[in-house]
Amino acid sequence: MRSTRGAFQVASFRGIPIRIHFSLILALPLLAFMFGGVVRQAARLAEVPPELVGGAPVLWGLAVAVGLFASVLLHELAHVVYALRTGGQVRSITLMIVGGVSEVTELPRRHRDEDLMALVGPLTSIGLGALLLAALALLPESRSFSPRFAVSYLAGLNLFLGVFNLVPAFPMDGGRILRGLLAGRLGMVRATRVAATVGKGFALIFFLVGLFTLNPFLFLIALLVLTGAEGEARQVRIRAVLEKLRVEQVMTPRFHGVELDTSVEEALGDLRRARRVALPATEQDQPVGWVALGDLLKVPEPERPRLTVRERVQPAVEVRPGDDAWSAMQRMVEAQPPLLLVLEQGRLVGTVDGNDFNAALLLHMSSEEDRQGGWPRWRQERPA
Ligand SMILES: [Zn+2]
């Protein structure tokens, strides 16, 4: 749901921005140096004379690092293409230090498609690894060692990427496949809970292995799996609750708003009396948008009695009383207004804001959890 911070766009694919996280820019020279060291070491082990190594090892290390990130991008694109073909929606693709993250805002509706969407990523990596090995066989038996080694190393990295992502550590691909397999029998909420618990077990294993091998990447992956499992499990529970509720069960009834020719000073008084930081704006009782405390406070104090709220109104994001609360929340996440206007046949009947959603979740989530055997001991997003 949330967007990844600290990333900038470098390209786009079918309108979906492809972004690079700053951590990757920092990691690139480090990886180039690390892979360069591997090239040098391999040459020494293979007893290749230095004059036949072919080019500076660090440059070949850089080539492997760039190749690895291109491979991760292809892995993510496989997920994205499959998601789009089966009715899913993707907001962005971000390449990070520990892999790629595709921000999938809408999953395919069928569980089987979600399984396959998770599976196509690792399969692409394994296929890419096999292709690189085949290319190696076709590569001319040149005298220099480095290009051949770089290709075979990249092949190995892709095979590893494919196999590692199949580990059932939710929210990694393997964990998503596991959840998909369980969802048919347990339902989405419980299947996610089981997959997240298994994922946390793996996070602990990654952490311990990282500790004994002093591998910082495993620490990072352990952390991402841990926070990702919690975040996504929570999100699935929120969705399960809100999908069953209609907007009218969540909204605060409200039939009047701040009229457009009200002065800024009066409107501030209205907000204080209503104890809200935003209220709907109306013109002769016809809803037109909303006014927010922050916008009104920007008007200098001496001008507040004179100026009206007309210039301070933001366009309304409208929902209907019969809409489900989950899609209403999606609209709020996308457009980021402080409140939604609930309209019935063009008339204002209520508003929904963050507090309304929170109250609805508190009131309805507990009963949902009771039916399923008490609050879960653990709670709340997703890496590769
Ligand atoms: Zn993946």
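The values are calculated or read from the model by the stated rules, or taken from the named source; none is laboratory data. Quick caveat: nothing in here was measured; it's all calculated off a predicted structure. Because the Cβ atoms are built from the backbone with ideal geometry, glycine has one as well, and the counts that use them run over all protein chains shown. With ligands, DNA and RNA removed, areas are computed over all heavy atoms of the protein, side chains included. Shrake-Rupley method; radii C 1.70, N 1.55, O 1.52, S 1.80 Å.
Taking into account only those residues within the range 85-94 that are within 16 Å of the ligand (Cβ to nearest atom) and among the small types (Gly, Ala, Ser), which is farthest from residue 333 (Cα to Cα)? Restricting to residues being within 16 Å of the ligand (Cβ to nearest atom) and among the small types (Gly, Ala, Ser), the top hit is 88.
Can you confirm whether the range 139-156 contains a residue that is within 14 Å of the ligand (Cβ to nearest atom) and over 20 Å from the mean Cα position of the chain (by Cα)? No, the range 139-156 contains no residue that is within 14 Å of the ligand (Cβ to nearest atom) and over 20 Å from the mean Cα position of the chain (by Cα).
Against the definition (of a type outside the set (Ser, Thr, Tyr), more than 22 Å from residue 235 (Cβ to Cβ) and open to solvent by less than 60 Å² (accessible area, probe 1.4 Å)), how does residue 165 come out, yes or no? When the stated conditions are applied, residue 165 does not pass them. Can you find a residue in the range 173-190 that is within 17 Å of residue 72 (Cβ to Cβ), surrounded by 16 or more Cβ atoms within 10 Å (Cβ to Cβ), more than 14 Å from the ligand (Cβ to nearest atom) and assigned by TED's automatic domain parsing to the domain that holds residue 236? Checked against the condition, which is being within 17 Å of residue 72 (Cβ to Cβ), surrounded by 16 or more Cβ atoms within 10 Å (Cβ to Cβ), more than 14 Å from the ligand (Cβ to nearest atom) and assigned by TED's automatic domain parsing to the domain that holds residue 236, the range 173-190 yields no hits at all. Residues that are open to solvent by 20 Å² or more (accessible area, probe 1.4 Å) and in contact with a Ser or Thr (Cβ under 8 Å, 6 or more places away or on another chain) within the range 79-89 comprise just one, 89. Being touching a Phe, Trp or Tyr at 6+ places or on another chain (Cβ under 8 Å) and more than 11 Å from the ligand (Cβ to nearest atom) is the filter here; which residues of the range 114-128 pass it? Once the filter is applied, which keeps residues that are touching a Phe, Trp or Tyr at 6+ places or on another chain (Cβ under 8 Å) and more than 11 Å from the ligand (Cβ to nearest atom), the range 114-128 yields only 116. Within the set 202, 170, 212, the sole residue that is within 16 Å of the ligand (Cβ to nearest atom) and open to solvent by 30 Å² or more (accessible area, probe 1.4 Å) turns out to be 202. For the range 95-103, the criterion of being within 21 Å of residue 217 (Cβ to Cβ), within 13 Å of the ligand (Cβ to nearest atom) and assigned to a helix (DSSP H, G or I) is met by none of the residues.
When the criteria are applied in full, residue 383 meets the requirement of being within 16 Å of the ligand (Cβ to nearest atom), surrounded by 12 or more Cβ atoms within 10 Å (Cβ to Cβ) and either at pLDDT 90 or above or not assigned by TED's automatic domain parsing to the domain that holds residue 221 (or both).
Between 58, 10, 48, 64, the distinction of being open to solvent by 40 Å² or more (accessible area, probe 1.4 Å), under 30 Å from residue 215 (Cβ atoms), more than 16 Å from the ligand (Cβ to nearest atom) and out of contact with any Lys or Arg (no Cβ under 7 Å at 6 or more places or on another chain) belongs to 58 only. For residue 230, the conditions (1) under 34 Å from the mean Cα position of the chain (by Cα); (2) more than 29 Å from residue 362 (Cβ to Cβ); (3) at pLDDT below 90 all hold with the exception of (2).
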